[in-house]
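Peer 1: Pasting in a structure now, in structure tokens, and then I'll have a few things to ask.
The values are calculated or read from the model by the stated rules, or taken from the named source; none is laboratory data. Bear in mind that the values here come from a model prediction, so they are computed numbers and not experimental data. Methodologically, a virtual Cβ is constructed for each residue, glycine included, from the backbone with ideal geometry; neighbour enumeration extends over all protein chains shown. Keep in mind that these areas ignore ligands, DNA and RNA; they rest on the heavy atoms of the full protein, side chains included. Shrake-Rupley method; radii C 1.70, N 1.55, O 1.52, S 1.80 Å.
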Amino acid sequence: MPTTLPPAVVALVAILVLVVLIMMTYRLILRFFGVVIIREDCIGIVNKKFVLVGSHKTLPDGQIIALNGEAGYQADTLAPGIHFLLWPWQYAVTLQKFIAISEGNVGVVEASGGNPLCEGRVLGKAVDCDSFQSVRAFLERGGERGPQIAIIPPGVYRINTIFFSIAEVPALEIADNMVGIVTTKDGTPLATGDIAGTEIPNHRMFQDAQQFVNGGGFKGLQEQVLLAGRYFINPRFATVELKPMTEVPIANVGVVIAYVGAAGIDLSGEGFKHGNLVSTGQKGVWAQPLDPGKYPINPYTHRVECVPTANVVLNWATGKSESHNLDKNLSTITVRSSDGFTFNLDVAQIIHIPRNDAPKVIARFGTVANLVTQVLEPTIGNYFRNAAQGSDAIEFLRKRQERQESARAAISAALADYNVGAVDTLIGDIVPPAALMTTLTDRKIAEQQKVTYETQMLAQGERQKLEQATALAATQARVVDAERQVTIAEFSAQASVKKAEGEAKSKTIQASADAQVLKTVGDATAVKTLAIGNAEAAVTKAKIESMEAGNYAAIQVAQALSQSGFRLVPDIMVAGGANGQGGGTLVDVLLANLIRDQVPKSAPAAPVRPPSRPAPDADEPK
């Protein structure tokens, strides 16, 4: 079964259809009465179908748009709003959206009508027509048909697209460290012999093309360049090629060779006959070089040749080249000695080009590479070939240092004529012939063996010295200990001597003191003894005087014998007196005792206790 819509939906759809029909009917009714409504973002382009009255019924020859009410597309457009008396049977109105040029773009215009282009011109001149929003002003002020020299900057415009066609193109963007090389398509033709147009003032870096043309600008390549930034340049007027800025590296100068400019006066002087040097801005080689930095130079009108002012090393060695590549085509030098040997020779030449002489070098050779090829390569190669032919191979090898010194002097003198300084000439690897090398190698081996043997002998001698030193070092501890013992013994001896001297002095002093005491005691004892002796002598003398001397002597002897324990009655009687009579003298007694002592005794005799000795007096010395 078919599905039926709800009554509310049906009613809504009916209302919408009715509104659309009413609006369409309303517009048709308004249009029927000559009313035209232009929306706010559009313009109305009017096409008049016919003219009922008036003298201007048809367009003049050559015109495509009506200025005076002729039949056809009208120059004037309808602005947004309501317009009357535009009967549908006489006027056809077409809505045209506003032309919007977005940011970063420009509008390039081509006019369908107007005056023909002037002879030699490729773009229509600029006229004041409110940025092409007024076709009437464009035509009345002499606008020309075809591509227009003026452009439309970013914005929104009410342009009659029946008369003007608009193409939106990107604006020109130039990045940092880049320059824009401009080639114009319109302007005055260049004079014969010129390759670029001179700089024209007040055209806002080619953004005002009409001012450029009016100022006498030339078509073709321009000397002036564009720096980094955004430019609104008509691409039908000028093309721009981006190039990097000219950079002069550190330790270099830039010699400018200008292809444009006025003819200059030679500044090189009378002594320089190899080219002209001119002032800055003139055609030719500029006498003043550019120091290190970046420069906005047109590479099609000026060439900057970088010349190194630091020392430059050039290698005459196959397969070896420096980063500057000036020696990339140089190779090892092959020479022949006077004895017929051929061998290879590597050479390094260090050169220096002064800053102020750099323009002369470029004026003479064009490039530093030409200097190497035309001067350095033949000069250095021929010098060493000539030097090798003046000596045999072994002498050449042996006198390498002398050859190097003489080469430095000779090459320095030769390069001075070309405004180039020769810093040093260095001989690198020399590869002699194999046969000669074998002989030299054998000789060298023999010499080295001799040196080896001598070195070994010296080593043995040093080894002996080392062993002696080692042994000496081993006994050094004992030597040091012995020396210390000797020192200690010396100190001990000195201490003993000092001690003995002290003791001797002490004993001397003590002995002197004891002697003094003994002397004093002795003197006293002697005085006492003398006194006692004198007293005893006096007593003895008195005793002798009281009896005769013989009797006193007999008494003393008897007393002494009695005290000594001597036996007065002998065991053996000896008689020897006259007349056969036994003697009784003391002599006889002594003789008897002597005999007794000589005769062996069978038994010991009984001891005879001597009489007690009286105790000494208190005053008697012990």
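Peer 1: Return a whole-number percent for the relative contact order of the chain, with Cα pairs under 8 Å and 6 or more residues apart as the contact set. Don't skip to the answer; put the middle values down first.
Peer 2: Values: 937 pairs, mean separation 41.7, N = 622.
Answer for the chain is 7 percent.
Peer 1: As a test of the formula, what do you get for the chain when each DSSP H run with n ≥ 4 contributes -39,500 (n - 2.57) and the sum is divided by the residue count, at 222 nm and rounded to the nearest 500 deg cm²/dmol?
Peer 2: When only DSSP H runs of four or more count, the value is -12500 deg cm²/dmol.
Peer 1: At a threshold of 8 angstrom on Cα-Cα distance, excluding pairs fewer than six apart, so keeping six or more, what relative contact order does segment 75-183 reach in percent?
Peer 2: Answer for segment 75-183 is 37 percent.
Peer 1: Could you tell me what % of all Cα pairs in segment 374-461 have separations over 21 Å? Show your work: numbers first, answer last.
Peer 2: Details: 1899 of 3828 pairs.
The calculated P(r) of segment 374-461 puts 50 percent of pairs beyond 21 Å.
Peer 1: Another one. Ile162 accessible area, nearest 10 Å², 1.4 Å probe?
Peer 2: 70 Å²
Peer 1: Report the full-extension gain for the segment Leu458 to Leu440: residue separation times 0.36 nm, less the Cα-Cα distance, to one decimal in nm.
Peer 2: Roughly 3.8 nm would be gained on extension.
Peer 1: Looking at [x] 169; [y] 214; [z] 957, which value of volume of the Cα convex hull per residue in Å³ comes from a calculation on the structure shown?
Peer 2: [z]
Peer 1: Here's a follow-up. Largest first, how would Cys306, Cys118, Cys129 line up by accessible area (1.4 Å probe)?
Peer 2: Largest accessible area first, the list is Cys118, Cys306, Cys129.
Peer 1: Still on this structure: Counting only heavy atoms of the protein chains, get the accessible area per residue of segment 225-326 (1.4 Å probe) and round it to a whole Å² value.
Peer 2: That works out to 50 Å² per residue.
Peer 1: For an R0 of 51 angstrom, estimate the FRET efficiency from the Cβ-Cβ distance between Ala495 and Lys465 and round to the nearest 0.05.
Peer 2: The computed FRET efficiency comes out at 0.75.
Peer 1: Mind ranking Leu16, Leu330, Leu397 by accessible surface for me, highest first, 1.4 Å probe?
Peer 2: Leu16, Leu397, Leu330
Peer 1: Just need the relative contact order of segment 37-102 here, percent rounded to a whole number, with Cα pairs under 8 Å and 6+ apart.
Peer 2: Contact order relative to length: 47 percent.
Peer 1: Which number do you get for Rg(Cα) / (2.2 N^0.38 Å) in segment 307-429?
Peer 2: 1.07
Peer 1: If you fit an axis through the alpha-carbon atoms of helix 434-546 and take the longest principal axis of the Cα set of the chain, what angle between them do you get, 0 to 90°, nearest 10?
Peer 2: Once rounded, one gets 30 degrees.
Peer 1: How large is the charge dipole for the chain, taken about the Cα centre, if only the Cβ atoms of Lys, Arg (+1) and Asp, Glu (-1) carry charge, to the nearest 20 debye?
Peer 2: Numbers: 56 positive and 60 negative charges, 213 e Å.
It comes to approximately 1020 debye.
Peer 1: Which entries in the list Lys243/Lys294; Lys320/Lys399; Lys283/Lys360; Lys399/Lys444; Lys499/Lys519 go over 20 Å, if you measure between the two C-alpha atoms of each?
Peer 2: Listed pairs above 20 Å: Lys320/Lys399; Lys499/Lys519.
Peer 1: Given q = 0.13, 0.15, 0.26, 0.27 Å⁻¹, what are the Debye log10 I(q)/I(0) values for segment 227-310, with equal point scatterers placed on the Cα positions and solvent ignored?
Peer 2: Cα-only, vacuum Debye calculation for segment 227-310: -0.53, -0.66, -1.24, -1.27.
Peer 1: How large is the Kirkwood hydrodynamic radius of segment 334-378, in angstrom, based on all distinct alpha carbon pairs? Could the numbers behind the result be given before it?
Peer 2: Details: mean 1/r = 0.0774 Å⁻¹.
Result for segment 334-378, one decimal place: 12.9 Å.
Peer 1: If I take R0 = 25 Å and measure r between the Cβ atoms of Thr94 and Val9 in this structure, what FRET efficiency does the formula 1/(1 + (r/R0)^6) give, to the nearest 0.05? Intermediate results must be reported in sequence, preceding the final value.
Peer 2: Working: r = 38 Å, r/R0 = 1.53.
Calculated transfer efficiency: 0.05.
Peer 1: Among Pro432, His83, Tyr295, flag the residue with its Cα farthest along the positive direction of the charge dipole of the chain, charges on Cβ as +1 for Lys/Arg and -1 for Asp/Glu.
Peer 2: It is His83, whose Cα lies furthest towards the positive end.
Peer 1: Now for a different question. Report for the chain the percent antiparallel among DSSP-assigned beta bridges with both residues inside it, nearest 5.
Peer 2: Counting DSSP beta bridges with both partners in the chain, the antiparallel share is about 90 percent.
Peer 1: Starting from the Cα of Phe33, step 7 Å along the direction of its Cβ; do the same at Ala175; then give the gap between the two resulting points in nm.
Peer 2: Placing both labels 7 Å along Cα→Cβ, they lie 6.4 nm apart.
Peer 1: A further question follows. Could you please state, rounded to a whole Å, how far the C-alpha centre of segment 111-144 is from the C-alpha centre of segment 452-531?
Peer 2: Measuring centre to centre over Cα atoms gives 137 Å.
Peer 1: Rounded to a whole number of µm²/s, how large is the Stokes-Einstein D of segment 415-490 at 20 °C and 1.002 mPa s, given Rh as the Kirkwood radius over C-alpha pairs?
Peer 2: Numbers: Rh = 19.2 Å.
This corresponds to a translational diffusion coefficient of 112 µm²/s.
Peer 1: From a point 7 Å beyond the Cα of Lys399 in the direction of its Cβ, which residues of segment 425-440 have a backbone N at a distance under 17 Å?
Peer 2: Label zone hits: 427.
Peer 1: Starting from the 7 Å offset along Cα-to-Cβ, what nm value, one decimal, do you get for the label separation of Thr334 and Ala542?
Peer 2: 16.2 nm
Peer 1: Need the full-extension length gain, Asn115 to Val451, defined as separation in residues times 0.36 nm minus the C-alpha distance. One decimal, nm.
Peer 2: Length difference between fully extended and current span is 110.4 nm.
Peer 1: For a Förster distance of 30 Å, can you work out the FRET efficiency between the beta-carbons of Thr188 and Thr367, rounded to the nearest 0.05? Don't skip to the end; give the middle numbers.
Peer 2: On the way: r = 35 Å, r/R0 = 1.18.
After rounding, the FRET efficiency stands at 0.30.
Peer 1: Here's another thing I want to ask about it. Among Ala167, Gln148, Gly113, whose Cα projects farthest towards the positive end of the dipole of segment 98-198, with charges put on the beta-carbon of Lys, Arg (+1) and Asp, Glu (-1)?
Peer 2: Gly113
Peer 1: Could you give the dipole magnitude of segment 94-163 about its Cα centre, charging the beta-carbon of Lys and Arg +1 and that of Asp and Glu -1, in debye to the nearest 20?
Peer 2: Working: 7 positive and 7 negative charges, 27 e Å.
In debye, rounded to 20, segment 94-163 gives about 120.
Peer 1: Report the label-to-label distance for Asn356 and Thr161 in nanometres (one decimal), using points 7 Å from each Cα along the Cα→Cβ vector.
Peer 2: About 6.9 nm, to one decimal.
Peer 1: Next question, about the same structure. Taking a 1.4 Å probe, which of His302, His274 shows the most accessible area, and what order do the others take after it?
Peer 2: Details: His302 35, His274 95 Å².
Correct descending sequence by accessible area is His274, His302.
Peer 1: Where in segment 163-262 are there trypsin sites (Lys or Arg not before Pro) that are in a DSSP coil and have at most 16 other Cβ atoms within 10 angstrom of their Cβ?
Peer 2: Arg204
Peer 1: Identify all lysines with a Cα-Cα distance to Lys48 below 24 Å; exclude those on the same chain that are fewer than 8 residues away in sequence.
Peer 2: Lys57, Lys97
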